1. Checking the a/c ratio against 1.5 first, then a/b against b/c, what shape does the Cα gyration tensor give for segment 121-160?
2. Step through the residues of segment 194-202 one at a time and calculate ³J(HN,Hα) from phi using the Karplus curve (6.51 cos²θ - 1.76 cosθ + 1.60, θ = phi - 60°), rounding each to whole Hz and writing x for Gly and Pro.
3. In terms of modelled amide H atoms, which long-range or inter-chain residues lie less than 5 Å from the amide H of residue 71?
4. Report, by chain and number, residues whose modeled amide H sits under 5 Å from the one on residue 78, excluding near sequence neighbours (fewer than 5 apart, same chain).
5. Could you please report the charge total around residue 39, scoring K, R as +1 and D, E as -1 over all other residues with beta-carbon less than 14 angstrom from its beta-carbon?
6. Show that you can apply the helix-only estimate: for the chain, add -39,500 (n - 2.57) for every DSSP H stretch of four or more residues, divide by all residues, and state [θ] at 222 nm to the nearest 500.
7. Go through segment 163-169 residue by residue and turn each phi into a ³J(HN,Hα) via Karplus (6.51, -1.76, 1.60, θ = phi - 60°); whole Hz please, and just put x for glycine and proline.
8. Taking K and R as +1 and D and E as -1, what net charge do the other residues with C-beta under 12 Å from the C-beta of residue 88 add up to?
Amino acid sequence: MNHEAQSRFSVRAVAIVLASFAFATVFCVNLFPHYRNPNELSRFDLVVSIVDRGSLSIGPELAKFGYHEDRSVFRGEFFSNKAPGLSFAAVPAYALIRLFTGPASETTLVPILFVIRLLTVSSVGVFALLVFSRRLRRSRMDPRWIPSVVFALAFGTPWLVYSRSFFSHAWTAALLYLAFECLHRPEEKPWHPALAGFLAGWAVLSEYPAAIVAMLLLFDATW
(Lines give C-alpha, C1' and ligand atoms only; values in the text may rest on other atoms or scores of the structure.)
Protein backbone atom coordinates (compact mmCIF):
# COMPACT_ATOMS: atom_id res chain seq x y z
CA MET A 1 0.00 0.00 0.00
CA ASN A 2 1.55 3.30 -1.11
CA HIS A 3 1.55 6.46 1.01
CA GLU A 4 -1.47 7.97 -0.74
CA ALA A 5 -3.50 4.82 -0.20
CA GLN A 6 -2.41 4.72 3.43
CA SER A 7 -3.55 8.31 3.89
CA ARG A 8 -6.97 7.59 2.39
CA PHE A 9 -7.34 4.52 4.61
CA SER A 10 -6.33 6.57 7.65
CA VAL A 11 -8.90 9.29 6.92
CA ARG A 12 -11.70 6.74 6.51
CA ALA A 13 -10.69 4.84 9.64
CA VAL A 14 -10.57 8.04 11.72
CA ALA A 15 -13.99 9.03 10.38
CA ILE A 16 -15.36 5.66 11.55
CA VAL A 17 -13.82 6.15 15.01
CA LEU A 18 -15.25 9.65 15.34
CA ALA A 19 -18.67 8.52 14.11
CA SER A 20 -18.64 5.63 16.59
CA PHE A 21 -17.69 7.98 19.40
CA ALA A 22 -20.46 10.41 18.49
CA PHE A 23 -22.93 7.52 18.28
CA ALA A 24 -21.88 6.34 21.73
CA THR A 25 -22.45 9.79 23.25
CA VAL A 26 -26.01 9.75 21.90
CA PHE A 27 -27.23 6.20 22.30
CA CYS A 28 -25.10 4.54 24.99
CA VAL A 29 -26.77 6.33 27.89
CA ASN A 30 -29.60 5.61 30.30
CA LEU A 31 -29.25 1.87 29.90
CA PHE A 32 -30.43 1.61 33.49
CA PRO A 33 -32.97 3.74 35.38
CA HIS A 34 -31.56 7.24 35.44
CA TYR A 35 -29.49 8.00 38.51
CA ARG A 36 -29.68 11.67 39.39
CA ASN A 37 -26.05 12.41 39.97
CA PRO A 38 -25.59 15.44 42.27
CA ASN A 39 -22.69 16.61 40.10
CA GLU A 40 -24.96 16.90 37.07
CA LEU A 41 -28.06 18.00 38.94
CA SER A 42 -26.32 20.87 40.71
CA ARG A 43 -25.24 22.33 37.38
CA PHE A 44 -28.65 21.71 35.85
CA ASP A 45 -30.34 23.47 38.77
CA LEU A 46 -28.25 26.55 38.06
CA VAL A 47 -29.12 26.49 34.34
CA VAL A 48 -32.84 26.33 35.12
CA SER A 49 -32.69 29.01 37.80
CA ILE A 50 -30.90 31.44 35.47
CA VAL A 51 -33.32 30.97 32.56
CA ASP A 52 -36.58 30.49 34.45
CA ARG A 53 -36.10 32.95 37.28
CA GLY A 54 -33.09 35.09 36.39
CA SER A 55 -31.42 34.06 39.64
CA LEU A 56 -28.24 32.26 40.72
CA SER A 57 -29.88 30.74 43.79
CA ILE A 58 -31.20 27.21 43.30
CA GLY A 59 -33.56 26.82 46.26
CA PRO A 60 -36.75 26.39 44.20
CA GLU A 61 -34.97 23.97 41.87
CA LEU A 62 -33.82 21.86 44.81
CA ALA A 63 -37.42 21.63 45.96
CA LYS A 64 -38.59 20.74 42.44
CA PHE A 65 -35.94 18.24 41.34
CA GLY A 66 -34.71 16.90 44.66
CA TYR A 67 -32.20 17.92 47.30
CA HIS A 68 -28.57 16.85 46.91
CA GLU A 69 -25.27 17.46 48.64
CA ASP A 70 -23.68 19.55 45.86
CA ARG A 71 -25.04 22.82 47.19
CA SER A 72 -23.86 25.68 49.35
CA VAL A 73 -25.73 28.02 51.68
CA PHE A 74 -25.13 31.76 51.80
CA ARG A 75 -27.33 34.14 53.79
CA GLY A 76 -30.09 31.58 53.96
CA GLU A 77 -30.16 30.82 50.21
CA PHE A 78 -28.97 27.73 48.36
CA PHE A 79 -26.43 27.91 45.54
CA SER A 80 -24.64 25.36 43.39
CA ASN A 81 -21.18 24.61 44.74
CA LYS A 82 -19.86 23.87 41.25
CA ALA A 83 -17.85 26.23 39.08
CA PRO A 84 -20.47 27.90 36.86
CA GLY A 85 -18.78 27.82 33.45
CA LEU A 86 -20.54 24.76 32.07
CA SER A 87 -23.90 25.91 33.41
CA PHE A 88 -23.43 29.33 31.78
CA ALA A 89 -22.60 27.63 28.47
CA ALA A 90 -25.77 25.53 28.73
CA VAL A 91 -28.06 28.53 29.26
CA PRO A 92 -28.64 29.21 25.51
CA ALA A 93 -29.30 25.51 24.92
CA TYR A 94 -31.92 25.33 27.66
CA ALA A 95 -33.49 28.61 26.58
CA LEU A 96 -33.93 27.15 23.09
CA ILE A 97 -35.29 23.82 24.31
CA ARG A 98 -37.63 25.62 26.68
CA LEU A 99 -39.43 27.17 23.69
CA PHE A 100 -40.67 23.66 22.79
CA THR A 101 -40.92 21.92 26.15
CA GLY A 102 -41.77 24.74 28.50
CA PRO A 103 -39.98 25.11 31.86
CA ALA A 104 -38.20 22.01 33.09
CA SER A 105 -40.28 19.85 35.39
CA GLU A 106 -39.96 16.59 37.26
CA THR A 107 -41.14 14.66 34.18
CA THR A 108 -39.05 16.54 31.59
CA LEU A 109 -35.81 16.80 33.57
CA VAL A 110 -34.16 13.72 32.04
CA PRO A 111 -34.78 14.47 28.32
CA ILE A 112 -33.94 18.17 28.73
CA LEU A 113 -30.72 17.37 30.56
CA PHE A 114 -29.88 14.82 27.86
CA VAL A 115 -30.25 17.35 25.04
CA ILE A 116 -28.37 20.05 26.95
CA ARG A 117 -25.51 17.66 27.53
CA LEU A 118 -25.40 16.76 23.82
CA LEU A 119 -25.27 20.42 22.80
CA THR A 120 -22.46 21.27 25.22
CA VAL A 121 -20.17 18.58 26.62
CA SER A 122 -20.67 15.92 23.94
CA SER A 123 -20.41 18.30 20.98
CA VAL A 124 -17.22 19.90 22.26
CA GLY A 125 -15.79 16.48 23.08
CA VAL A 126 -16.35 15.20 19.54
CA PHE A 127 -14.99 18.42 18.03
CA ALA A 128 -11.82 18.25 20.15
CA LEU A 129 -11.24 14.69 18.94
CA LEU A 130 -11.65 15.84 15.35
CA VAL A 131 -9.12 18.64 15.82
CA PHE A 132 -6.72 16.21 17.51
CA SER A 133 -6.96 13.80 14.58
CA ARG A 134 -6.17 16.64 12.18
CA ARG A 135 -3.10 17.51 14.23
CA LEU A 136 -1.91 13.92 13.95
CA ARG A 137 -2.34 14.04 10.18
CA ARG A 138 -0.18 17.18 10.05
CA SER A 139 2.54 15.46 12.08
CA ARG A 140 5.13 13.02 10.79
CA MET A 141 3.33 10.05 12.29
CA ASP A 142 2.81 7.05 10.07
CA PRO A 143 -0.79 7.51 8.84
CA ARG A 144 -1.51 3.83 9.56
CA TRP A 145 -1.16 4.55 13.30
CA ILE A 146 -3.38 7.63 13.45
CA PRO A 147 -6.72 5.75 13.71
CA SER A 148 -5.31 3.63 16.56
CA VAL A 149 -4.18 6.69 18.49
CA VAL A 150 -7.53 8.42 18.06
CA PHE A 151 -9.33 5.23 19.04
CA ALA A 152 -7.15 4.84 22.14
CA LEU A 153 -7.99 8.37 23.27
CA ALA A 154 -11.70 8.05 22.47
CA PHE A 155 -12.37 4.62 23.94
CA GLY A 156 -9.31 3.74 26.03
CA THR A 157 -9.54 6.69 28.42
CA PRO A 158 -12.37 8.24 30.49
CA TRP A 159 -13.01 10.67 27.62
CA LEU A 160 -16.16 8.86 26.47
CA VAL A 161 -17.57 8.50 29.99
CA TYR A 162 -17.20 12.19 30.73
CA SER A 163 -18.37 13.21 27.27
CA ARG A 164 -21.63 11.39 28.05
CA SER A 165 -22.13 13.23 31.34
CA PHE A 166 -23.05 16.78 32.29
CA PHE A 167 -19.75 17.03 34.16
CA SER A 168 -17.10 19.65 33.48
CA HIS A 169 -14.18 17.20 33.13
CA ALA A 170 -14.21 16.53 29.37
CA TRP A 171 -15.67 19.99 28.75
CA THR A 172 -12.77 21.74 30.47
CA ALA A 173 -10.12 19.50 28.95
CA ALA A 174 -11.54 20.09 25.47
CA LEU A 175 -11.55 23.87 25.94
CA LEU A 176 -7.93 23.85 27.10
CA TYR A 177 -6.85 21.68 24.20
CA LEU A 178 -8.69 23.84 21.67
CA ALA A 179 -7.03 26.91 23.22
CA PHE A 180 -3.66 25.22 22.68
CA GLU A 181 -4.60 24.50 19.07
CA CYS A 182 -5.49 28.17 18.52
CA LEU A 183 -1.92 29.06 19.48
CA HIS A 184 -0.38 26.47 17.16
CA ARG A 185 -2.31 26.64 13.93
CA PRO A 186 -0.42 26.14 10.63
CA GLU A 187 -1.69 29.52 9.46
CA GLU A 188 -2.03 31.88 12.40
CA LYS A 189 -4.82 34.45 12.25
CA PRO A 190 -4.91 37.69 14.28
CA TRP A 191 -7.92 36.46 16.24
CA HIS A 192 -6.44 33.09 17.22
CA PRO A 193 -4.72 34.33 20.42
CA ALA A 194 -7.90 36.12 21.50
CA LEU A 195 -9.94 32.97 20.94
CA ALA A 196 -7.35 30.95 22.85
CA GLY A 197 -7.66 33.35 25.77
CA PHE A 198 -11.44 33.13 25.68
CA LEU A 199 -11.42 29.32 25.65
CA ALA A 200 -8.83 29.08 28.41
CA GLY A 201 -10.75 31.61 30.48
CA TRP A 202 -13.98 29.68 30.08
CA ALA A 203 -12.13 26.51 31.08
CA VAL A 204 -11.05 28.21 34.32
CA LEU A 205 -14.62 29.38 34.88
CA SER A 206 -15.68 25.74 34.49
CA GLU A 207 -12.98 24.21 36.70
CA TYR A 208 -10.90 26.59 38.82
CA PRO A 209 -7.76 24.37 38.94
CA ALA A 210 -7.57 24.75 35.16
CA ALA A 211 -5.99 28.14 35.92
CA ILE A 212 -2.65 26.30 36.18
CA VAL A 213 -2.91 25.10 32.58
CA ALA A 214 -4.26 28.49 31.47
CA MET A 215 -1.16 30.15 32.88
CA LEU A 216 1.03 27.73 30.92
CA LEU A 217 -0.93 28.62 27.78
CA LEU A 218 -0.36 32.31 28.54
CA PHE A 219 3.39 31.72 28.79
CA ASP A 220 3.20 29.74 25.56
CA ALA A 221 1.40 32.60 23.82
CA THR A 222 3.82 35.28 25.02
CA TRP A 223 6.83 33.12 24.18
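1. It is oblate, given that a/c is not under 1.5 and a/b is not larger than b/c.
2. 5, 5, 4, x, 4, 5, 5, x, 5
3. Result for residue 71 returns 81.
4. Here the answer is 58, 59, since their amide H atoms fall under 5 Å of that of residue 78.
5. Once positives and negatives cancel, what remains is +1.
6. Calculated at 222 nm, the ellipticity per residue is -20000 deg cm²/dmol.
7. So the J values, rounded to whole Hz, are 6, 9, 10, 8, 9, 9, 5.
8. +2
The values are calculated or read from the model by the stated rules, or taken from the named source; none is laboratory data. Small disclaimer: the values here were computed from a predicted structure and weren't measured. Note that each Cβ is placed from the backbone with ideal geometry, even for glycine, and that neighbours are counted across all protein chains shown. Each accessible area value is taken on the protein alone, full model and side chains, heavy atoms only, with ligands, DNA and RNA left out. Shrake-Rupley method; radii C 1.70, N 1.55, O 1.52, S 1.80 Å.
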